[in-house]
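Asks: Shown below is the structure under consideration.
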Amino acid sequence: MDGSVSGGKVEKSAIAGHSLLQQVWRRFRRHKLALGGLVVVGLFVLMSVFAPMIAPYNPYRSFTRSDGSYASWERPSAKHWLGTDDVGRDVLSRLIFAGRVSMSVGLVAVLVATAIGVALGATAGFFGGLVDNVIMRLTDTVLCFPVLFLVLIVATMVGPSIYNIMIIIGCVYWTRVCRLVRAEFLRLREMEFTEASRALGASSNRIIWRHLIPNAISPIVVFGTLFIAEAILIEASLSFLGAGVQPPVASWGNMLHQASSFVVLSRRPWLWIPPGLAIMAVVLSVNFIGDGLREALDPHQQL
Amino acid sequence: MQDYLVRRLLQSIPLLIGITLISFAIMQLAPGDPMSTMISPDLDMEAVDARRAELGLDQPIYVQYFRWLSELLSGNMGYAVQSGRPVLQMIVERIPATLLLTASALAFAYIVAVPLGVISALKQHNLADYLLTLFAFLGISTPSFFAGILLVYVFAIQLNLLPTSGHYSIGEGLIGFAATADRLRYLLLPMLALGTRHLAQVMRFTRSSMLDVLNQDYIRTARAKGIHERVVVYKHALRNALLPIVTLLGLTLPALIGGSFIIETIFAWPGMGRLGVNAIFAREYPILMGLNVLVACMVLMGNLLADVMYAFVDPRIQYS
């Protein structure tokens, strides 16, 4: 990376040049769509982080007309680039702030799902036997429920706050990570390096954390990335139905909820097309990144 | 084969028990118990307690579970809070509409996706493959509800070609062919909205499955023997590539049924999904629980069917 090194450091940097991360990055770069996706997601993340500075107005502020009534349903104009909604709030500002909610729900939900899935999958795959059997039957059972419906019901029952939704999606979505990690562990625990470290007297705990999980990390990362896309879609669906993130807090899903009114749907497309496109852009980009990561991390593709 | 069937059936018993356990556990998340919604200020607490005892709500939780389970097994899913109608009956009368919608979305997805997947595989790294891949990514990334309202906006509102919602024209008294055509017009948009995401998945799957098969030795053998390329592709390769697609059916069934909840709501399609979403806003817990158990069982059966079909069409599967 840094060219101006001298003496003993040269060798070190030469090795660093072939570090796993750099190899991955080199292969990832070749995937143009993934690179594009990374740029788009990066922009959306920046937009969310700096939302208060970027958004032209406060997303909760209702604009009023000179007669004191709400400046509702104004068409896109120089003042309001994407118009205003039913109580005169600036749609563009809400769209920018909604990105914070939608994307953080996706991210946290995936972290929760991955944590549960890795824990259960690792336990099942490493210990096998009855433990494995019980965990896998549990996984099969949860997989029988349509995710969306399960999330909908639980969210209705425990109350749809943003944090609840993050946790609920995570608690419902761990199954596929669990299966994946279990399959990896079944494979890895038979490998010679596992046998070797066991022969050296390593504890199960150490083998799992030091040897198995690092070796299983690539598929977990790929799946995790693709899950972010899924989780964003689930949150959007939930909020679209009105059972997710609740107004006045904006999420892309609940902004689209307005389109369930026929008048809004047919005459005020500026209210619902932008959030829909925002979801598509982020989810598409995340899917591209996931695809790029899969190609970059898959050892079979190594040239 | 028979042994395999029996074993597969036996294997689903713990899953069925698991489904009832999870559904029951979710029911416990609901605030209060069924009695708390019926208490009015002038009701005396002794009567409430008596009614609680009568319903078994004062019993330990596991007793309540077994009570509920035995009722469930005898076909009693409880009664809707508002209408007082049996939940099972309410759900069963909604099943045909949902089946029609999901089955046609599936059929649409497979009929379009398989040929496109084959083209994509045959023209790997060509423009066609590139465009189809892009289309597949778009399909996977578009929320079904956004696809749904976009379709309504374009085809029903702007072009005025198709109805926005419902499932047949009321009061027209159409019969015979006209009635069928009428229903098809209503089916078209929800089917497209529900099927597109699935289509994209099946297409990607067909493509990779086809690429796998095309690299097999027997394909090279077939080509070496001088068999016409078309025969190699469609007879030798495609048939084998299609086998794993059957398993995809089982994997995507829950997503398809979950998707129908949203699509049915958008298009006012009178199926289970719309019943479920309405029940959510009306806090009709008995309906939700009934739907939960029933839908999960349907998915379980779908998976079973897909596995059996797979074993049936692929002689390489070992039953032992």
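The values are calculated or read from the model by the stated rules, or taken from the named source; none is laboratory data. Computed from a prediction, not measured in an experiment: that's the story for all the values here. Cβ coordinates were reconstructed from backbone atoms using ideal geometry, including for glycine residues, and neighbour counts include every protein chain displayed.
Asks: Hey, could you check the range B:131-161 for residues that are of a type in the set (S, T, N, Q) and in contact with a Ser or Thr (Cβ under 9 Å, 6 or more places away or on another chain) and say which is nearest to the other protein chains (Cβ to nearest Cβ)?
Replies: Among them, the one singled out is B:S141.
Asks: Taking the range A:248-261 on its own, how many of its residues are at the interface with chain B (Cβ under 9 Å from one of its Cβ atoms) and surrounded by fewer than 23 Cβ atoms within 10 Å (Cβ to Cβ)?
Replies: So the count comes out to 1.
Asks: On to the next question. Against the definition (more than 8 Å from chain A (Cβ to nearest Cβ) and crowded, with 18+ Cβ neighbours inside 10 Å), how does B:R223 come out, yes or no?
Replies: Here the answer is no, as B:R223 does not meet what is asked.
Asks: I need the full set of residues from the range B:253-271 which are surrounded by fewer than 19 Cβ atoms within 10 Å (Cβ to Cβ) and either farther than 19 Å from B:L288 by Cβ or of a type in the set (G, A, S) (or both), in order please.
Replies: B:A255, B:A268
Asks: Does any residue of the range B:162-184 turn out to be out of contact with any strand residue (DSSP E or B) (no Cβ under 6 Å at 6 or more places or on another chain), loosely packed, with under 15 Cβ neighbours inside 10 Å and within 14 Å of chain A (Cβ to nearest Cβ)?
Replies: yes
Asks: Answer with yes or no whether A:V134 is within 30 Å of B:E264 (Cα to Cα) and of a type in the set (V, I, T).
Replies: No, not satisfied.
Asks: Out of the residues in the range A:187-207 that are of a type outside the set (K, R), surrounded by 15 or more Cβ atoms within 10 Å (Cβ to Cβ) and closer than 18 Å to A:P219 by Cβ, state the one that is farthest from the chain's Cα centre (by Cα).
Replies: Only one residue tops the list, namely A:T194.
Asks: Select, from A:V282, A:V264, A:V245, the only residue that is within 9 Å of chain B (Cβ to nearest Cβ), of a type in the set (V, I, T) and within 24 Å of B:F261 (Cα to Cα).
Replies: A:V282
Asks: Give the residue, chosen from B:Q82, B:Q64, that is in a loop (DSSP other than H, G, I, E, B) and over 25 Å from the mean Cα position of the chain (by Cα).
Replies: Testing whether each residue is in a loop (DSSP other than H, G, I, E, B) and over 25 Å from the mean Cα position of the chain (by Cα) leaves just B:Q82.
Asks: When the range A:157-173 is examined, which residues are found to be surrounded by fewer than 19 Cβ atoms within 10 Å (Cβ to Cβ), among the β-branched types (V, I, T) and either without any contact (Cβ under 8 Å) to a residue 12 or more places away in the chain or in contact with a Leu (Cβ under 8 Å, 6 or more places away or on another chain) (or both)?
Replies: A:V158
Asks: Would you point out which residue out of B:L238, B:L189, B:L242, B:L199 is surrounded by fewer than 21 Cβ atoms within 10 Å (Cβ to Cβ) and at pLDDT 85 or above?
Replies: Just one listed residue meets the conditions, B:L238.
Asks: What tally of residues in the range A:117-146 results from selecting those that are within 29 Å of B:M289 (Cα to Cα), in contact with a Ser or Thr (Cβ under 9 Å, 6 or more places away or on another chain), in contact (Cβ under 8 Å) with a residue 24 or more places away in the chain and in a helix (DSSP H, G or I)?
Replies: 8
Asks: Follow-up. Considering (1) within 10 Å of chain B (Cβ to nearest Cβ); (2) within 30 Å of A:S69 (Cα to Cα); (3) of a type in the set (V, I, T), say which one A:I153 fails and leave the rest.
Replies: The single condition A:I153 does not satisfy is (2).
Asks: Kindly provide the set of residues from the range A:173-207 that are within 30 Å of A:F149 (Cβ to Cβ) and either out of contact with any helix residue (DSSP H, G or I) (no Cβ under 8 Å at 6 or more places or on another chain) or assigned to a helix (DSSP H, G or I) (or both), ordered by number.
Replies: Correct list: A:T175, A:R176, A:V177, A:C178, A:R179, A:L180, A:V181, A:R182, A:A183, A:E184.
Asks: With respect to the numbered conditions (1) assigned to a loop (DSSP other than H, G, I, E, B); (2) without any contact (Cβ under 8 Å) to a residue 60 or more places away in the chain, which one is the sole condition not fulfilled by A:L43?
Replies: (1) is the only condition that A:L43 fails.
Asks: Considering only the range A:81-116, state which residues are in contact with a Gly (Cβ under 9 Å, 6 or more places away or on another chain) and either closer than 25 Å to A:E184 by Cα or outside any helix (DSSP H, G or I) (or both).
Replies: A:D90, A:V108, A:A109, A:V110, A:L111, A:V112, A:A113, A:T114, A:A115, A:I116 - these are the residues of the range A:81-116 that are in contact with a Gly (Cβ under 9 Å, 6 or more places away or on another chain) and either closer than 25 Å to A:E184 by Cα or outside any helix (DSSP H, G or I) (or both).
Asks: Of all residues in the range B:256-277, how many are touching a residue at least 24 places away in the same chain (Cβ under 8 Å), within 9 Å of chain A (Cβ to nearest Cβ) and either on the phi > 0 side of the Ramachandran plot or hydrophobic (A, V, I, L, M, F, W, C) (or both)?
Replies: 4
Asks: Within the range B:99-118, is even one residue touching a Gly at 6+ places or on another chain (Cβ under 7 Å), surrounded by 20 or more Cβ atoms within 10 Å (Cβ to Cβ) and farther than 19 Å from B:G258 by Cα?
Replies: No; the residues of the range B:99-118 include none that is touching a Gly at 6+ places or on another chain (Cβ under 7 Å), surrounded by 20 or more Cβ atoms within 10 Å (Cβ to Cβ) and farther than 19 Å from B:G258 by Cα.
Asks: Just checking, does the range B:268-286 include any residue being modelled with pLDDT under 85 and either aliphatic (A, V, I, L, M) or touching an Asp or Glu at 6+ places or on another chain (Cβ under 8 Å) (or both)?
Replies: Yes, the range B:268-286 has at least one match.
Asks: Working only within the range B:78-99, note down all residues that are among the aliphatic types (A, V, I, L, M) and touching a Pro at 6+ places or on another chain (Cβ under 7 Å).
Replies: Residues satisfying the conditions are B:A80, B:V81, B:V87, B:A97.
Asks: Consider the range A:268-288. How many of its residues are touching a residue at least 40 places away in the same chain (Cβ under 8 Å) and among the aromatic types (F, W, Y)?
Replies: Result for the range A:268-288: 2.
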